[in-house]
Ligand SMILES: [Zn+2]
């Protein structure tokens, strides 16, 4: 079974300010990438079709022009509830009552996890309003996916983006399940050291494969530290697809061989693609 723990859903007209497209163009985004700013349910289904279960979310981060409606995400999930798992988001600065929005989405919409991005949201990961969300999530056993790592958004301060900042959160909320998105790229060493020792902190490998040398280093580092079992499969659809991501992982040793690099243990690569992530995230 393939579980995609990281896919997006948004409507360009309703959920994104013009800033998002401007930032993407400045970062060299292709026409395809710009086109990806408009997702309809059929496109989401096609891009994630290689996965048996798919976590999907919006992001609420007005600081970078994203204010995805949680109800829209819940509507997508309601159309395919056997396959899709909806995560909610709240904006610590621009939502009137962020923890109230999380409770509403959890209790009324049945959403089962939380997506946050402190750097996108313009706050440090230990911002008081995020701490309230972590406390609720820990009590309710809701997993949190946190975008730590760099980004194309100009307004997102990188000083809040290093994954090592999540260690204080893990100490403060020891039962909270945290997934570091994109292995916190480019801070791979910080990410691997954190997931290696914090029992409930994981990382997803989404959106890394199209920088193949970095992705190779990330997987090799996780293998050498014995932390590869803490890596979860994710696509970051629409920026790439489930099929492209799985093919890149399983083809990693072809890349290594071509470039004179030592191979990655096949069990690491196959284990990653087939990771049973849902029980790890309290979502079994
Ligand atoms: Zn993402």
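Kindly put 150, 241, 258 in sequence by how many other C-beta atoms sit within 10 Å of each C-beta, fewest to most.
By the 10 Å Cβ count, ascending, the order reads 258, 150, 241.
Work out, step by step, the length gained on full extension between residue 107 and residue 247: first 0.36 nm times the residue separation, then minus their alpha carbon distance; give nm to one decimal.
Full extension of this stretch gives 46.7 nm more.
So if each residue of separation counts as 0.36 nm, and I subtract the Cα-Cα distance between residue 211 and residue 80, what length gain in nm does that give?
44.0 nm
Looking at the square roots a ≥ b ≥ c of the eigenvalues of the Cα gyration tensor of the chain, which shape do they give, rounded for a/c under 1.5, prolate if a/b is larger than b/c, or oblate?
rounded
Taking the simple approach of a point 7 Å from Cα along Cα-to-Cβ for both residue 49 and residue 31, what is their distance in nm?
2.3
How much mean residue ellipticity at 222 nm does the chain get from its helices, if each DSSP H run of length 4 or more adds -39500 (n - 2.57) and you divide by all residues, to the nearest 500 deg cm²/dmol?
Value at 222 nm, helices only, nearest 500: -11500 deg cm²/dmol.
If you stretched the chain out fully between residue 259 and residue 136, how much longer would it get, using 0.36 nm times the residue separation minus the C-alpha to C-alpha distance?
39.6 nm is the gain from fully extending residue 259 to residue 136.
Gaussian network model of the chain, Cα springs within a sub-10 Å range: biggest mean-square fluctuation belongs to which of 201, 73, 40?
Largest GNM mean-square fluctuation: 40.
Please order 232, 116, 278, 130 by the number of other Cβ within 10 Å, starting at the fewest.
In increasing order of surrounding Cβ atoms, one gets 278, 130, 232, 116.
With 10 angstrom as the radius, rank 197, 230, 12, 220 by how many other C-beta atoms surround their C-beta, starting from the fewest.
Ranked by crowding around the Cβ, least crowded first: 197, 12, 220, 230.
For the chain, with a Gaussian network of springs between Cα atoms less than 10 Å apart, report the residue from 22, 42, 101 with the top mean-square fluctuation.
Of 22, 42, 101, the Gaussian network model singles out 42 as fluctuating most.
Here, each number is a calculation from the coordinates, and none is a lab measurement. All values derive from a computational prediction rather than experimental measurement. All Cβ positions, even for glycine, are placed from backbone atoms using ideal geometry, and neighbour counts span all protein chains on display.
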